[in-house]
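Worksheet: one structure, shown below.
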């Protein structure tokens, strides 16, 4: 089972679900797909989609999943890595109204460079990311990196505060 996590952002991430649906139709993805969609409203005959999932159920889906596809939220990435899962992360983008800025690209880049995840810069790169899955061996996540994550989150918060002014 593949678990897709879109977090709780109040913006849609329709593009990601459309691309996953396309990959299912083309039989690139052949496993069952379960989606925690948050505020993304999307209907599919190929995926089981939930808006919000209680934390304990979310954790159970993460444990059961063979792969997690997620947006570039630190919480979604870290909680998946703590479960020892392979993760493909796709950033929400400002230009599509999916976020207030493009900080998720930076977050994904950091995790990718450290060898924790397969990061892509956009949904169009999902097929290539899929090809990497067979040989990708994620570096085990070390919680000691929490300081780095806190610094990233603080920077992002400061940028978002500046943008709102």
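For this structure, a couple of remarks:
- Once the C-beta distance of residue 136 and residue 41 is scaled by a Förster radius of 22 Å, the resulting FRET efficiency is 0.10 to the nearest 0.05.
- Kirkwood hydrodynamic radius (C-alpha pairs) into Stokes-Einstein, the range 45-132, 4 °C and 1.567 mPa s, D in µm²/s: 95 µm²/s
- Inter-site label distance for residue 51 and residue 95 at 7 Å from Cα along Cβ, in nm: 3.2 nm
- The spacing between the range 39-98 and the range 4-30, judged by their C-alpha centroids, is 10 Å.
- Extension gain from residue 112 to residue 8, taking 0.36 nm per residue of separation minus the Cα-Cα distance: 35.2 nm
- Contact order relative to length of the range 36-99, as percent, for alpha carbon pairs under 8 angstrom and 6 or more apart: 23 percent
Here, each number is a calculation from the coordinates, and none is a lab measurement. None of these values were measured; they are calculated from a predicted model. Heads up, the Cβs are rebuilt from the backbone with ideal geometry, glycines too, and the neighbour counts pull from every protein chain shown.
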